[in-house]
Amino acid sequence: MNKLNTGFSKLPDDAFDNKAQTIVTALTGNAAFPTPSPTLAIVTTALTDYKTALAMPEGTAARTAQVHATRAKLSTLLEQLARNLELTPNVTDAQLATTGYDLHKVPTFTAEPVTAPGNVRLKQAGVGGVVQVMCDAVDRAQAYELQYTLDANAGPWTDGGTFTSTRRIGITGLTRGKDYWARVRAVGPNGPGAWSDPATIMVT
């Protein structure tokens, strides 16, 4: 995985100018990277050309074309520079942090189970014997499992299926005029979490 962030395309023109200047300044005289490639002279020349394009009168086709061309060239050089910096023998993250580039954030993984869904509520779906189940989304959830019953204390609980979104959870084929209880649990990278508190509704 590349450690230095070269996602410059989202930066406005002025911000890209500032970032490129920051990188050149950070690498000038940097003992950890004495011979960057492309050389700082080449990058600085491309940066100067880009600054010159930005200084052209705004709103002209010539400026737009020149900014686009010089920015593309500078961006390519900075991407090549980043990859070569990463290939420096025995380079450390601490050293890469001195280059002026932003470091990619390393995703964190946890063995903790996902939390139980909150705010579970049931709603008539407008069709006889059908109930919509709603709840708050759970962080890291990959799916949601549903169970329902006529007796929340004694059970038994019936499997109501697995759903990919909290917006599409529903129960069909229920007996009208009966009180039903439903509960939901999230399934995360490490398996299912705890069941939510049950919610109830009289089916119409």
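The values are calculated or read from the model by the stated rules, or taken from the named source; none is laboratory data. Note that the structure is predicted; figures quoted are calculated from it, not measured. Ideal geometry is used to build each Cβ from the backbone, glycine not excepted, and the neighbour counts take in all protein chains shown.
List of remarks:
- Meets criteria (free of Cβ contacts under 8 Å to residues at least 60 places away in the same chain, crowded, with 17+ Cβ neighbours inside 10 Å, in a strand (DSSP E or B) and touching a helix residue (DSSP H, G or I) at 6+ places or on another chain (Cβ under 9 Å)) for residue 144: yes
- The set of residues in the range 162-191 that are surrounded by fewer than 16 Cβ atoms within 10 Å (Cβ to Cβ) and assigned to a strand (DSSP E or B) comprises 162, 179, 191.
- Test for residue 69: is it surrounded by 12 or more Cβ atoms within 10 Å (Cβ to Cβ), of a type in the set (Gly, Ala, Ser), part of a helix (DSSP H, G or I) and touching a residue at least 24 places away in the same chain (Cβ under 8 Å): no
- Residue 154 under 28 Å from residue 46 (Cα atoms) and surrounded by fewer than 17 Cβ atoms within 10 Å (Cβ to Cβ): no
- Number of the condition not met by residue 135 [criteria: (1) more than 12 Å from residue 195 (Cβ to Cβ); (2) touching a helix residue (DSSP H, G or I) at 6+ places or on another chain (Cβ under 6 Å)]: (1)
- Residue satisfying all of: in the range 148-159; outside any loop (DSSP other than H, G, I, E, B) and touching a Ser or Thr at 6+ places or on another chain (Cβ under 9 Å); nearest to residue 130 (Cα to Cα) among these: 148
- Inter-residue pairs, beta-carbon under 7 Å, first closer than 21 Å to residue 190 by Cβ and in the range 99-113, second at pLDDT 75 or above, 6+ apart: 111/190; 113/188; 113/190; 113/191; 113/193
- Yes/no for residue 88 being assigned to a loop (DSSP other than H, G, I, E, B), surrounded by 15 or more Cβ atoms within 10 Å (Cβ to Cβ) and over 22 Å from the mean Cα position of the chain (by Cα): yes
- Some residue of the range 102-120 being surrounded by 14 or more Cβ atoms within 10 Å (Cβ to Cβ), of a type in the set (Phe, Trp, Tyr), under 25 Å from the mean Cα position of the chain (by Cα) and outside the structural domain of residue 18 (by TED's automatic domain parsing): no
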